[in-house]
Amino acid sequence: MDKFYVDIVQKWKNDYEFRMTVKTAINFVVTVIFALFNVALSIYYRSAWYGGIGVYYVLLALIRGSVALVEIKSRKMEEKQQNELKKKTFLGTSVLLFIMNIVLIVPVTMMVFFQREIKFDLFLSIGMAAYTVCKAVTTSINFAKRNRLDNFLLKEISVINFIDMLVSILLLQNALIVVNSGNENHEMFLLSAVVSAIFMVLAVGLSIYNLVGYKKIGENDSEVNNID
């Protein structure tokens, strides 16, 4: 048993892909909790705001769960089988990512036009700010490191985590506006609209970039097959 834990620790230290897979599995569990929480609030309050955020987290959980499951499952497969399974998963999760970003338009628009039914106190917003800063730092570092990975599925996860970080920053912006100005302060409209538009364009752009990446994977496979 001790050897098992030692092997896990060594793998965690030396295998970046293993660390990414474990983190993705943990993020999947956390995302499921967020999804259930927001869906429950949407039903209780009959809120389109919480409903949109809930659907976003459901799609995010599906993406993270699919990648984590395939990464674990494919470790016991031959390289060719691994590649085929990962390609199918990459295509499916890329499409889900694009849909997820389109779904985000609804809650983000509601946020900009102050149509969200949400309240924050100072302590909650401070905790949210601390969490978002930590998330932004770690996610940005991993996003910058993504080119070290040969595994295109884990590269995709770095892109997805970066988009999720952008959403967290938007939600933090929303919380700070509510705490400092209330739900009906339209003086913040321009700032909220501009920042939200920039972030949404970036998020949709990254999801399209991710879809284009599938074509590159197919082209690389064709080159390898021609060499063989």
**OP:** Working only within the stretch 94-111, note down all residues that are of a type in the set (Ser, Thr, Tyr) and surrounded by fewer than 18 Cβ atoms within 10 Å (Cβ to Cβ).
**Re:** Thr109
Original post:
Are there any pairs with C-beta distances below 8 angstrom linking a residue in the stretch 187-212 that is closer than 18 Å to Ser94 by Cβ to a residue that is of a type in the set (Asp, Glu), with the two at least 6 apart or on different chains, and if so which?
Top reply: Asn210/Glu156
Subject >> Only one of Val32, Val22 that is surrounded by fewer than 20 Cβ atoms within 10 Å (Cβ to Cβ), in contact (Cβ under 8 Å) with a residue 24 or more places away in the chain and either touching a strand residue (DSSP E or B) at 6+ places or on another chain (Cβ under 6 Å) or in a helix (DSSP H, G or I) (or both) >> reply: Val32
Original post:
Just checking, which of Val67, Val95 is out of contact with any helix residue (DSSP H, G or I) (no Cβ under 6 Å at 6 or more places or on another chain), more than 30 Å from Asn180 (Cβ to Cβ), touching a residue at least 12 places away in the same chain (Cβ under 8 Å) and hydrophobic (A, V, I, L, M, F, W, C)?
Top reply: Val95
Original post:
Mind checking whether some residue in the stretch 171-183 is outside any helix (DSSP H, G or I) and modelled with pLDDT under 80?
Top reply: yes
Original post:
Here are some residues: Lys73, Lys87. Which one is of a type in the set (Lys, Arg), more than 21 Å from Met200 (Cβ to Cβ), surrounded by 12 or more Cβ atoms within 10 Å (Cβ to Cβ) and touching a residue at least 40 places away in the same chain (Cβ under 8 Å)?
Top reply: Lys87
Original post:
Thr31 is checked against (1) of a type outside the set (A, V, I, L, M, F, W, C); (2) more than 28 Å from Val108 (Cβ to Cβ); (3) in contact with a helix residue (DSSP H, G or I) (Cβ under 7 Å, 6 or more places away or on another chain) and fails just one. What number does that condition carry?
Top reply: (2)
Subject >> Selection count where residues are touching a Leu at 6+ places or on another chain (Cβ under 9 Å) and polar (S, T, N, Q), scope the stretch 61-95 >> reply: 5
Original post:
Counting just the residues of the stretch 1-19 that are surrounded by 12 or more Cβ atoms within 10 Å (Cβ to Cβ), assigned to a helix (DSSP H, G or I) and of a type outside the set (A, V, I, L, M, F, W, C), which one comes out modelled with the highest pLDDT?
Top reply: Arg19
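The values are calculated or read from the model by the stated rules, or taken from the named source; none is laboratory data. Fair warning: this is a prediction, and the values are worked out from it, not measured in the lab. Cβ sites come from the backbone with ideal geometry, for glycine too, and all protein chains shown count toward neighbours.
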